[in-house]
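J.: First the structure, which I've put down as structure tokens, then a few questions once you've had a look.
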Amino acid sequence: MNLQTALNNFQAEFKEKVPAEAAATMERAANELLQEFEARNLIKIGDIAPDFTLADAVGNKISLKERLTKGAVILTFYRGGWCPYCNLELRAYQQLLPEIERLGASLIAVSPQTPDASLSTAEKNDLEFDVLSDVDLTAARTYGLVFELSQELKALYQQWGIDLPKNNGNNEWKLPVPGTFVIDQNGRIAASYINTDYTKRLEPKEAIAALQKLSHAAAV
């Protein structure tokens with residue numbers, strides 16, 4: 001089963017359970033977010049990937065620049081371990097990690113969660129790649145991904161027990177939209193996927209295909 005099929009299956013189950021009023025709130029928020037991002041000048045293929053240094057789940061400082069000295073990087077921004085769609089994505093990448101490493105690349109996953117919350121996410125999903133904490137959303141901002149939840153959506157999340165300020169270690173109700181980038185060793189974006197619909201993600205095999213193209217180009 002590919003990732004999007006798994007995401008679609010989960011979404012179908014969720015829609016059967018969620019009340020109509022909550023579904024309407026989520027749809028309004030999704031439409032507003034789409035309109036907001038349509039007006040943004042988003043990072044694209046060929047751009048230089050902004051560098052960052054963030055803490056991993058146990059407090060070690062990891063920089064994109066340092067990882068790129070070893071090979072290409074798949075960089076994915078996710079909302080948090082509380083998001084089931086994100087967990088499905090992270091597990092899908094974990095399954096393909098040996099293939100990513102065989103291509104000489106590494107994988108970095110970034111969320112606004114605190115290191116403690118990131119550690120829980122890594123342990124829950126048996127992740128063996130870098131899971132970094134972008135607590136103040138500095139890195140996500142440089143990639144143009146940050147948005148603030150509407151008051152309606154904030155109230156709905158609170159009703160469901162999703163406490164973003166606690167998970168993220170600040171007082172803000174802000175998140176990154178999911179975004180995945182394949183970055184070559186020169187720091188240039190070779191593949192870019194940004195979608196305001198968090199139920200849609202780049203298929204990990206497509207990211208690997210981009211890595212394979214980079215590997216082939218380097219060998220020619």
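J.: Touching a Lys or Arg at 6+ places or on another chain (Cβ under 9 Å), closer than 21 Å to Asn195 by Cβ and modelled with pLDDT of 95 or more: is that true of Val73 in this structure? Show your work before the answer.
T.: Numbers: touching a Lys or Arg at 6+ places or on another chain (Cβ under 9 Å): yes; closer than 21 Å to Asn195 by Cβ: yes; modelled with pLDDT of 95 or more: yes.
When the stated conditions are applied, Val73 passes them.
J.: Does Ala122 satisfy the condition of being within 22 Å of Lys61 (Cβ to Cβ) and buried (at least 18 other Cβ atoms within 10 Å of the Cβ)? Full working, then the answer.
T.: Details: within 22 Å of Lys61 (Cβ to Cβ): yes; buried (at least 18 other Cβ atoms within 10 Å of the Cβ): yes.
Yes, satisfied.
Residues checked against (1) over 15 Å from Val182 (Cα atoms); (2) among the hydrophobic types (A, V, I, L, M, F, W, C):
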{"residue": "Glu32", "(1), (2)": "yes, no"}
{"residue": "Thr53", "(1), (2)": "yes, no"}
{"residue": "Leu64", "(1), (2)": "no, yes"}
{"residue": "Gly71", "(1), (2)": "no, no"}
{"residue": "Arg79", "(1), (2)": "yes, no"}
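J.: Inspect all residues belonging to the stretch 18-30 and state whether any of them is surrounded by 15 or more Cβ atoms within 10 Å (Cβ to Cβ) and closer than 23 Å to Leu132 by Cβ.
T.: no
The values are calculated or read from the model by the stated rules, or taken from the named source; none is laboratory data. Just so we're clear, the structure is a prediction, and the values are computed from it rather than from any experiment. Note that we place each Cβ from the backbone using ideal geometry, even for glycine, and neighbour counts take in every protein chain shown.
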